[in-house]
1. So, residue 335, is that one farther than 17 Å from residue 45 by Cα, in a helix (DSSP H, G or I), modelled with pLDDT under 80 and not small (Gly, Ala, Ser) or not?
2. Give 175, 122 a once-over and let me know the one that is hydroxyl-bearing (Ser, Thr, Tyr), surrounded by fewer than 16 Cβ atoms within 10 Å (Cβ to Cβ) and modelled with pLDDT of 95 or more.
3. Let me confirm something: among 169, 209, which residue is part of a helix (DSSP H, G or I), closer than 22 Å to residue 241 by Cβ, under 19 Å from the mean Cα position of the chain (by Cα) and not assigned by TED's automatic domain parsing to the domain that holds residue 319?
4. If you take the residues in region 30-49 that are closer than 10 Å to residue 375 by Cβ and modelled with pLDDT of 95 or more, which one is surrounded by the most Cβ atoms within 10 Å (Cβ to Cβ)?
5. Counting only residues that are part of a strand (DSSP E or B) and either touching a residue at least 40 places away in the same chain (Cβ under 8 Å) or touching a Gly at 6+ places or on another chain (Cβ under 6 Å) (or both), which one in region 113-131 is farthest from residue 64 (Cα to Cα)?
6. Examine region 343-352 for a residue that is loosely packed, with under 14 Cβ neighbours inside 10 Å and among the polar types (S, T, N, Q), and state whether such a residue exists.
7. Looking only at region 250-275, which residues are over 16 Å from residue 179 (Cα atoms) and surrounded by fewer than 13 Cβ atoms within 10 Å (Cβ to Cβ)?
Amino acid sequence: MISFFLFLSSKSSVYMRLEQLSLLNFKNLRQVDLTFSSKINCLLGLNGMGKTNLLDAIYYLSFCKSHTHALDPSIICHKEDFFLLQGTYVTDQNESELISCGYKRGKKKKFKRNAKEYAKLSEHIGRIPLIMISPADNILISGGSDERRRFMDMVISQYNIDYLNALLRYNKALSQRNALLKQGATDETLFLVWEEMMASEGQFIYQERISFLASFIPLFQRYYSYLSAENESVQLSYKSDVAMEPLIDLLRKSRTKDMVMGYSLKGIHKDDLIMSLGESLIKREGSQGQNKTFLIALKLAQFDFLKNAGRAVTPILLFDDIFDKLDGSRVKKIVQLVAEDNFGQIFMTDTDYKHLERILSDGHLTYKLFQVEQGEITEKVIV
């Protein structure tokens, strides 16, 4: 284990943990008040009981939205008019942060830090870094390029507010240009306004993605090699039209074709992150176990990268039912890995108590166990 971590960066990081969570009317969780372990927290229950919903509430407090991209009205518990979330976070330096969110049907969502409302939700992104690993992540492999771009954007935005703002401006310009295309507009000046903004912001975004991947890819490959016992090789490669030609030229050349289609065919909104196993795309050749290992390595590399980037805050890790489809040796490696001091607070879900107990007892770990049943969550006494 020590030899593995010699490969990883060791910049000093602030350790932030979620000490207490209170919520009302969040999905099927009507009322929850919990105090968590500073290390490992296990949520046990059958599917559909609310385990993933609790993880989603924790995710929401970091990203101001649901992990499932569900709209806020659909998050409110059945027959209720609002939901509330409140988390108390504590650092290893005894600094406390109170993060809260309230939403009522038909009203504006209010997100607050230490009782002061944010002017813009983007100001909060990156303050509580968090990584969630779940079965839904398979969309990164099986889905379209938009899913993989979203992954890059989410990671970079957590440590680089300039990138997030550039992304917001680029998307605004893209939306305006697409509107002109759909209208069949012919005013050259109007097109140039938005194309120049897309080109300027797009070039910055492209360069930041290049810089991020230069550091991220070696981390990812080392994690995959460790989890797979060095039996397989994997690769990530970045594909972008901007690598071949300046975006402003691409946009001008493509405008006639774009007019026919009604949307912009060129730009950094079309970039892709190519995921390979050996010489082939992993979506074509990867087994269920290999796909899952690939995704876990991707997220663990994300953890290590964010731990040492920006404000250097150790992210919280959420593991949602990740041990299914993995052989025992890979499960053991994951548990041993996250138990090390390099990692911070962890939340994990499982449906099988004996399975969970075996995993945790093998590692001689200190943890809290919570039973989840029909939206009710109770802490179990560990004997």
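1. Yes; evaluated as a whole, the condition is true for this residue.
2. Of the residues listed, the single one that is hydroxyl-bearing (Ser, Thr, Tyr), surrounded by fewer than 16 Cβ atoms within 10 Å (Cβ to Cβ) and modelled with pLDDT of 95 or more is 175.
3. Within the list 169, 209, the selection yields 209.
4. The extreme case among them is 32.
5. 131
6. No, because not a single residue in region 343-352 is loosely packed, with under 14 Cβ neighbours inside 10 Å and among the polar types (S, T, N, Q).
7. Correct list: 253 only.
Okay, residues lined up against (1) of a type outside the set (A, V, I, L, M); (2) surrounded by 14 or more Cβ atoms within 10 Å (Cβ to Cβ); (3) in a loop (DSSP other than H, G, I, E, B); (4) outside the structural domain of residue 28 (by TED's automatic domain parsing):
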residue	(1), (2), (3), (4)
61	no, yes, no, no
70	no, no, yes, no
83	yes, yes, no, no
90	no, yes, no, no
99	no, yes, no, no
102	yes, yes, no, no
111	yes, yes, no, no
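The values are calculated or read from the model by the stated rules, or taken from the named source; none is laboratory data. Everything quoted here is computed from the prediction, not taken from an experiment. We place every Cβ from the backbone using ideal geometry, glycine too, and count neighbours over all the protein chains shown.
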